[in-house]
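The values are calculated or read from the model by the stated rules, or taken from the named source; none is laboratory data. Just so it is clear, the structure is predicted and the values come from calculations on it, not from any experiment. Cβ placement follows ideal geometry from the backbone for every residue including glycine, while neighbour counts extend to all protein chains displayed. Calculation scope for accessible area: heavy atoms of the full protein, side chains included, ligands and nucleic acids excluded. Shrake-Rupley method; radii C 1.70, N 1.55, O 1.52, S 1.80 Å.
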Amino acid sequence: MNEVAKVIPLHGGSTARGAALARSRREQSESRHPSAMPPPAVISPPEPQPVTGSSTVDAVRRVLADQIVNTAEFVRRRLSGDYHVDDFGYDPHFAENVWLPILRPLFDKWFRVEVSGLENIPSTGGALVVANHAGVLPLDGLMTSVAVHDHHPAHRPLRMLAADLAFEMPVVGDLARKAGHTLACNPDAVRLLQNGEVAAVFPEGFKGIGKPFSERYKLQRFGRGGFVSAAMRTGAPIIPCSIVGSEEIYPKIGDLGTLARLLGMPYFPVTPLFPHFGPLGLVPLPSKWYIEFGKPIVTDTYDASAADDPMELFEVTDHVRETIQQTLYRLLAKRRNVFLG
């Protein structure tokens with residue numbers, strides 16, 4: 001049987017019609033330009049979350065590493081003798097790396113000292129800071145030295161003129177010398193000022209630091225004006241300094257005079273916590289402190305003979321004392337709370 005095979009078109013139409021359909025599809029495909037396509041979605045990687053624990057550990061490690069490096073450098077310089085000590089025994093390397101770091105926590109965290117008037121201390125040349133004195137122990141002098149060194153733009157060391165007793169005590173005397181302090185006598189004061197140092201004196205002496213709590217912020221006698229004489233001889237300005245807060249660290253309510261004489265001390269204080277609580281009573285109360293440096297009182301306008309004139313010395317001494325007393329009253333009027341400020 002002879003049969004002819006039939007060809008069935010795939011598109012069910014003529015060949016011309018199929019070609020036209022294919023050409024139309026090709027033209028539509030070619031008309032699609034990439035710029036006409038929607039941009040692909042950008043998938044941002046998730047932001048890394050801070051790892052608090054890890055960052056804290058790293059910070060602690062860095063602090064410890066820096067401390068180890070600084071300690072090693074300090075020991076190296078001490079062993080090699082790579083540091084300078086002046087004629088008074090002042091050791092700047094020791095003071096800046098050992099002594100001041102010990103005092104800073106008291107200054108910043110415990111007493112929370114606020115300082116004002118530092119612009120009245122010159123950046124160069126000699127100057128004499130004169131301040132009130134109180135608190136049973138001379139912490140006011142130490143805090144003032146931190147204030148001048150750390151907060152003055154020139155970071156000047158404060159060379160305190162201290163009582164003989166401080167240098168007669170073992171260990172304490174050596175530390176005082178290394179920290180830059182010397183005897184409260186006219187020759188040493190003149191030498192420091194002539195050398196362009198910032199010296200500090202507390203004219204009330206033991207009368208001020210050992211006065212009872214009932215007489216707080218009432219300035220005692222300022223002596224015979226020896227500090228004024230030293231300033232006049234060198235032409236150094238006098239900077240009145242008023243300290244509020246030191247009176248409350250050890251409120252002195254009594255004095256064991258007999259025991260003080262046996263120990264060779266000017267007084268043996270009794271406070272609400274000492275000696276009843278033993279060594280715990282030696283912890284100072286965390287009063288809020290204010291230290292203000294007043295405007296300089298110039299001395300270079302006086303004649304050379306004024307340094308030996310009792311009347312001139314008394315007049316300037318009384319002026320300095322009255323300036324400090326009035327500033328204390330003003331600071332106390334602004335203070336609302338002994339411990340909160």
Amide H contacts under 5 Å for residue 129, restricted to residues at least 5 apart in sequence or on another chain and with H modeled in the peptide plane, are 199, 200, 201, 239
Relative packing of 284-294, 128-138, which averages over residues the other C-beta atoms within 10 Å, highest first: 128-138, 284-294
Relative packing of peptides 300-312, 316-328 - highest average C-beta neighbours within 10 Å first: 316-328, 300-312
³J(HN,Hα), Karplus 6.51/-1.76/1.60, whole Hz, each residue of the stretch 326-334, x for Gly, Pro: 5, 5, 4, 4, 5, 5, 5, 5, 7
Gap separating the Cα centres of the stretch 55-86 and the stretch 129-202, nearest whole Å: 27 Å
Give, in whole angstrom and from largest to smallest, the semi-axes √(5λ) of the equivalent ellipsoid of the stretch 210-271, with λ running over the eigenvalues of the Cα gyration tensor. 30, 17, 9
190, 75, ranked by accessible area, largest first (probe 1.4 Å): 75, 190
Using each residue's phi in the stretch 90-103, evaluate 6.51 cos²θ - 1.76 cosθ + 1.60 at θ = phi - 60° and report the 3J(HN,Hα) Karplus result to the nearest Hz, with x for Gly and Pro. 5, 10, x, 4, 5, 4, 7, 9, 10, 5, 5, x, 5, 7
Quick check for you: with a 1.4 Å probe and neighbouring chains kept, what is the accessible area per residue of the stretch 218-341, in Å²? 53 Å²
